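Just below is one structure, and these are the notes that go with it.
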Amino acid sequence: MIASPKPRPGILDIAAYVGGEAKVEGVDRLIRLASNESALGPSPRAVAAYRALAGALHRYPDGGSIELRQALARRYGLDAARIVCGTGSDELISLLARCYAGPGDEVIYSRHGFLMYPIAAQAAGATPVPVPETALTADVDAILARVSAKTKIVFLANPNNPTGTFVPRDAVRRLHAALPSSTLLVLDAAYAEFVTRNDYEPGIELVEEAENVAMLRTFSKIYALAALRVGWAYCSAGVADVLNRVRGVFNVTLPAQAAAVAALEDVAAVDRAREHNDIWRPWFERELVRLGLAVTSSVANFVLVRFPAKPRDADAAFAFLKSRGILTRGMRAYGLPEHLRISIGLEDEMRAVVDVIAAFLKT
Ligand SMILES: Cc1ncc(COP(=O)(O)O)c(C=O)c1O
């Protein structure tokens with residue numbers, strides 16, 4: 001018998017990431033609230049920039065994403081040389097895990113943190129270490145208690161997906177101050193632009209001060225370009241050098257770079273998206289509480305909601321919503337089987353989801 005190729009040890013232990021559903025047979029108008037995508041959609045300027053490149057598809061993109069990095073540097077007051085763009089921030093999460101952790105090393109993440117962290121750690125051959133949370137929020141002291149000489153990376157999604165909670169600036173600083181300088185702190189601020197709290201800071205300050213911090217951002221959320229897969233890291237020169245050695249040479253496509261630059265320049269579109277979220281997330285949270293459901297207070301563009309016991313549990317709610325064309329996200333993979341995560345959509349979508357949940361609770 002011919003032996004088939006075997007992947008490295010541990011690869012087959014990975015439970016593949018399962019994204020939100022996007023289709024339901026027989027339903028024409030779907031309400032898609034499963035993937036924390038933008039409610040309002042992209043800036044028309046970004047769409048125009050994307051379309052304008054239709055005649056240049058035979059050209060390779062700029063492998064260094066120079067214009068995009070310069071636009072990011074201008075917009076956020078950063079050093080362009082220490083920005084690295086990626087095929088979504090997912091690519092950067094995987095690369096950081098692969099470059100800084102391996103067999104025998106540990107990668108810490110909070111228990112209900114973004115699932116790509118343990119997947120990326122396992123793919124790198126490292127051991128993912130989930131740390132318990134307090135009130136569905138990353139717990140700095142619990143994380144520090146688990147740090148050892150083996151800890152190569154601490155991943156902190158801030159705000160966190162799927163809980164929607166965040167760790168305030170001072171607590172992030174306390175976490176960083178107590179970490180060994182050999183441990184990389186990755187602050188994944190995918191939802192930063194939605195946060196309106198003055199005790200929040202996405203990680204720029206710490207990146208400017210320390211060699212062992214990387215901040216990750218994305219164009220998939222408030223900039224509404226999830227289909228194009230653009231993310232970026234801001235980090236020390238040393239970390240940027242490492243990422244630039246291993247990333248795909250042409251990892252961000254030409255139309256994606258152009259659309260991202262245009263999206264960045266359309267500040268009014270981002271403001272509209274934030275204002276929409278500031279109205280409809282609190283409205284949705286209030287409505288859910290009015291229906292008697294437990295809601296985790298969120299600072300992002302989604303809400304984690306807890307359902308009662310059978311027969312009105314989260315699985316039944318998911319199926320009921322889906323049968324009416326509303327897609328939400330089940331949370332079993334995150335260790336939160338009693339919950340659904342529901343993204344903030346348009347006004348009529350939010351009203352529809354509240355009506356359907358109300359009907360479900362009366363079944
Ligand atoms: C916390 C967090 N980080 C990263 C990502 C990945 O984003 P991207 O589309 O840039 O790969 C997501 C997407 O849901 C996320 O929630």
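The values are calculated or read from the model by the stated rules, or taken from the named source; none is laboratory data. Please read all numbers here as calculations on a predicted model, not as lab measurements. Ideal geometry is used to build each Cβ from the backbone, glycine not excepted, and the neighbour counts take in all protein chains shown.
The table for this structure:
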item	result
Among the candidates Val270, Val207, Val242, residue that is touching a residue at least 60 places away in the same chain (Cβ under 8 Å), surrounded by fewer than 24 Cβ atoms within 10 Å (Cβ to Cβ) and within 15 Å of Ala189 (Cα to Cα)	Val207
Cross-chain or 6+ apart pairs with Cβ under 6 Å, the stretch 32-53 first and assigned to a loop (DSSP other than H, G, I, E, B), then at pLDDT below 95 and within 16 Å of the ligand (Cβ to nearest atom)	Ala34/Gly20; Ala34/Glu21; Ser35/Gly20
Cβ pairs under 7 Å, 6+ apart, first in the stretch 11-27 and more than 25 Å from Arg98 (Cα to Cα), second among the basic types (Lys, Arg) and surrounded by 10 or more Cβ atoms within 10 Å (Cβ to Cβ)	Gly20/Arg329; Ala22/Arg32; Val24/Lys322
The stretch 329-359: number of residues that are closer than 17 Å to Leu293 by Cβ and in contact with a Lys or Arg (Cβ under 7 Å, 6 or more places away or on another chain)	8
Inter-residue pairs, beta-carbon under 9 Å, first without any contact (Cβ under 8 Å) to a residue 24 or more places away in the chain and under 13 Å from Ala214 (Cβ atoms) and in the stretch 82-103, second part of a strand (DSSP E or B) and near the ligand (Cβ under 8 Å from one of its atoms), 6+ apart	none
Looking only at the stretch 16-47, and only at residues there that are among the small types (Gly, Ala, Ser) and at pLDDT 90 or above, the one that is surrounded by the fewest Cβ atoms within 10 Å (Cβ to Cβ)	Gly41
Every pair of residues 6+ apart whose Cβ atoms lie under 6 Å, when the first sits in the stretch 212-233 and is within 9 Å of the ligand (Cβ to nearest atom) while the second is assigned to a loop (DSSP other than H, G, I, E, B) and of a type in the set (S, T, N, Q)	Ala226/Ser220
In the stretch 46-91, residue farthest from the ligand (Cβ to nearest atom) [restricted to those that are within 18 Å of Ala189 (Cβ to Cβ) and acidic (Asp, Glu)]	Asp79
